[in-house]
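J.: Okay, handing you the structure first.
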Amino acid sequence: MERPYVVCHMLASLDGKIDGDFMTVPESAPVLQEFSKLRDFYACSATLYGTVTMQGGYSEGLVGTLPHRGTVYPKEDFVAVPDASNYVVSVDPQGILGWKSNWIEKKNRPKAHVIEALTGQVSDDYVAYLRERNISYLFAGEELLDCTLLLNKLKKLFGIDRLMVSGGGRMNWSLLQEGLMDELSLLIAPVADGSRTSVSIFEKEDFLPPKSPVSFRIKSVEQIENSDGLWLRYEVKR
Ligand SMILES: NC(=O)c1ccc[n+]([C@@H]2O[C@H](COP(=O)([O-])OP(=O)(O)OC[C@H]3O[C@@H](n4cnc5c(N)ncnc54)[C@H](OP(=O)(O)O)[C@@H]3O)[C@@H](O)[C@H]2O)c1
């Protein structure tokens, strides 16, 4: 199956968490900075985020109740911008995220065109809502997200050869479990916060079948300059 090369790029605490108080202490600052810089190292033309991550930092929150649209579009893939130099792939199987624009602009990052990854569960009104904003979308699965089909369409419809996956934990694990991840780039901040509620790098969704642990092979270990943090590069063992 044709698909992009997939790198999962994450920042975690010493206790394996990807969110929470550990991010706010000075010892984490140089690691956070390096985490941003290293995005360029992988030269990916798209970054994929799960629904929770999108809602928290990239979309305009939730769309809420949509007024009824007159137009019904077929539930078929829609490519608004086929040749963007950068894309954000927004996993949104139910069609719940709100948007002002079809581009995301973040400080110090190239602007990115939005691709919504949907399932057959989305409403006709949500599809029309995306069309009105000229946001690209693709359908991957009827009820649950079919990650294999999703990656295949990213390659076929948008020519994405290298994809960065950057959380959250549930989306990361879904791709790993389905054998769709090639590399893990993990930055470790030299901090622990003991949280029992923050998510970790990998979190299995209840709807996924059981899966035995996945192993990794080390590619390199580097200490991050002016810090006690580490950059670990692993490839996924097949
Ligand atoms: N430190 C870092 O490098 C870093 C980077 C990014 C994010 N984060 C943090 O990660 C946290 C969010 O992580 P998360 O694990 O809770 O959420 P997530 O992976 O961002 O999103 C999970 C949601 O995506 C939807 N989904 C649908 N199909 C899925 C599938 N096959 N596999 C996985 N998800 C699917 C589900 O939404 P529905 O249940 O609505 O269907 C699910 O609840 C945030 O706190 C964020 O700040 C940290």
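The values are calculated or read from the model by the stated rules, or taken from the named source; none is laboratory data. From a predicted model like this one, the values you see are computed outputs, not experimental measurements. FYI the Cβ positions are ideal-geometry reconstructions off the backbone, even for glycines, and counts take in every protein chain you see.
J.: Quickly run through segment 167-196 and pick out the residues that are within 19 Å of MET23 (Cβ to Cβ), in contact (Cβ under 8 Å) with a residue 40 or more places away in the chain, in a loop (DSSP other than H, G, I, E, B) and more than 7 Å from the ligand (Cβ to nearest atom).
T.: ALA189, PRO190, VAL191, ALA192, ASP193, GLY194, SER195
J.: For the condition part of a loop (DSSP other than H, G, I, E, B), of a type outside the set (D, E, K, R) and more than 14 Å from the ligand (Cβ to nearest atom), what is the one hit in PRO93, PRO82? Quick ask: steps written out before the conclusion?
T.: Working: PRO93 fails: more than 14 Å from the ligand (Cβ to nearest atom).
It is PRO82.
J.: Next question. Which one of the conditions (1) surrounded by fewer than 16 Cβ atoms within 10 Å (Cβ to Cβ); (2) not in a helix (DSSP H, G or I) does ARG131 fail to meet, given that it meets all the rest?
T.: (2)
J.: While we're looking at this one, here's another question. For segment 215-238, which residues satisfy the criterion of being in a loop (DSSP other than H, G, I, E, B) and farther than 21 Å from SER13 by Cβ? Step through it out loud before you land on a result.
T.: Filtering segment 215-238 down to residues in a loop (DSSP other than H, G, I, E, B) leaves 215, 224-229, 237-238.
Correct list: SER215, LYS237, ARG238.
J.: Quick one: how many residues across segment 13-63 are surrounded by fewer than 19 Cβ atoms within 10 Å (Cβ to Cβ), assigned to a helix (DSSP H, G or I) and near the ligand (Cβ under 10 Å from one of its atoms)?
T.: 6
J.: Under 9 Å between Cβ atoms, at least 6 apart or on separate chains: pull out the pairs that start in segment 199-227 with a residue that is aliphatic (A, V, I, L, M) and end on any residue that is part of a loop (DSSP other than H, G, I, E, B) and more than 16 Å from the ligand (Cβ to nearest atom).
T.: Going by the 9 Å Cβ cut-off, the qualifying pairs are VAL214/LYS237.
J.: Next up: Within segment 140-147, is there a residue that is buried (at least 20 other Cβ atoms within 10 Å of the Cβ) and not aliphatic (A, V, I, L, M)?
T.: Here is the first cut: in segment 140-147, the residues buried (at least 20 other Cβ atoms within 10 Å of the Cβ) are 140, 145, 147.
In the following step, the residues that additionally are not aliphatic (A, V, I, L, M) were identified as 147.
Looking through segment 140-147, at least one residue is buried (at least 20 other Cβ atoms within 10 Å of the Cβ) and not aliphatic (A, V, I, L, M).
J.: Before we move on, is ALA117 among the hydrophobic types (A, V, I, L, M, F, W, C), surrounded by 16 or more Cβ atoms within 10 Å (Cβ to Cβ) and assigned to a loop (DSSP other than H, G, I, E, B)?
T.: Working: among the hydrophobic types (A, V, I, L, M, F, W, C): yes; surrounded by 16 or more Cβ atoms within 10 Å (Cβ to Cβ): yes; assigned to a loop (DSSP other than H, G, I, E, B): no.
Criteria not met by ALA117.
J.: Now for a separate question. Of all residues in segment 28-63, which are more than 13 Å from the chain's Cα centre (by Cα), at pLDDT below 95 and closer than 24 Å to VAL122 by Cβ?
T.: none
J.: Still on this structure, please answer the following. Quick one: LEU154 ticks every box in (1) touching a strand residue (DSSP E or B) at 6+ places or on another chain (Cβ under 8 Å); (2) not assigned by TED's automatic domain parsing to the domain that holds ALA80 except a single one, so which number is it?
T.: Condition (2) is where LEU154 drops out.
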